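This report concerns only the one structure given below.
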Amino acid sequence: MCAQKQIKKRSLLSSILNYRCPRCRQGRLFTYKNPYNLAHNTDMPEHCEVCGQQYELQTGFYFGTGYVSYGLSVGFMGVFYTVCYLLGWVSLADNSIFYWLGANATLLIILQPVIQRISRAMWIAFFVRYDPEGGPVRL
Ligand SMILES: [Zn+2]
């Protein structure tokens, strides 16, 4: 039996999708697991529980996540339109585009808490590099 704790090494994509600290890819970025806990959707601890990385690098650090969220939403719309087009559910020749717009808006509203969290995880990953042995990054 191994007495040492086995540390799972995550990829960048896995750490973003699992909302993990970009420095060690182990600690949780958000206080609560469920993104649909809307009152506490963006609650984050001040520091990583594993490596001590500060999560809000400066005041208003997460304002920039709007750019990431916009990009993710537009990307989702493109993929959703392509899938619907290939399945023959939407066409520019009739009024089906309006049904698609309604379905797309509904899906984006439902997915917004998840997109918001992924945007934050991507935003902090832009500034903090993976270095589990190094000290925390401070701006
Ligand atoms: Zn960490």
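Restricting everything to alpha-carbon atoms, can you work out Rg to Rh for segment 26-137 with a Kirkwood hydrodynamic radius?
Across segment 26-137, the Cα-based Rg/Rh ratio is 1.11.
In degrees between 0 and 90, to the nearest 10, how far off the longest principal axis of the chain does helix 96-127 point, with axes built from Cα atoms?
Result, in degrees: 20.
Quick one: length gained pulling Asn34 to Met77 fully straight, 0.36 nm per residue minus the C-alpha distance?
13.1 nm
By count of other Cβ within 10 Å, fewest leading, how are Tyr85, Tyr62 ordered?
Exposure proxy ranking, most exposed first: Tyr85, Tyr62.
Considering amide H positions built from the backbone, and no H for Pro or chain starts, which residues 5 or more places from Arg20, or on another chain, come under 5 Å of its amide H?
Leu29
Among Cys51, Cys24, Cys84, which one moves the most in a GNM of the chain with springs linking Cα atoms closer than 10 Å?
Cys84
I'd like the distance separating the alpha-carbon centroids of segment 107-134 and segment 21-79, in whole Å.
After rounding, the separation between the Cα centres reads 5 Å.
Do any trypsin sites (Lys or Arg not before Pro) in segment 89-136 lie in a loop, going by DSSP, with at most 16 other beta-carbon atoms within 10 Å of their beta carbon, and if so which?
Arg129
Counting only residues 5 or more places away or on other chains, whose amide H sits under 5 Å from the amide H of Gln54 once H atoms are built in the peptide plane?
Cys48, Val137
I need to check one value: relative contact order of segment 12-127, counting alpha carbon pairs closer than 8 Å and at least 6 residues apart, in percent.
About 32 percent, as a whole number.
Each reported figure results from applying straightforward, stated rules to the coordinates on display, with no laboratory input. The shown structure was predicted, so the numbers you read here are calculated from the model rather than taken from an experiment. Reconstructed Cβ throughout: ideal geometry from the backbone, glycine too, with neighbour counts over all protein chains shown.
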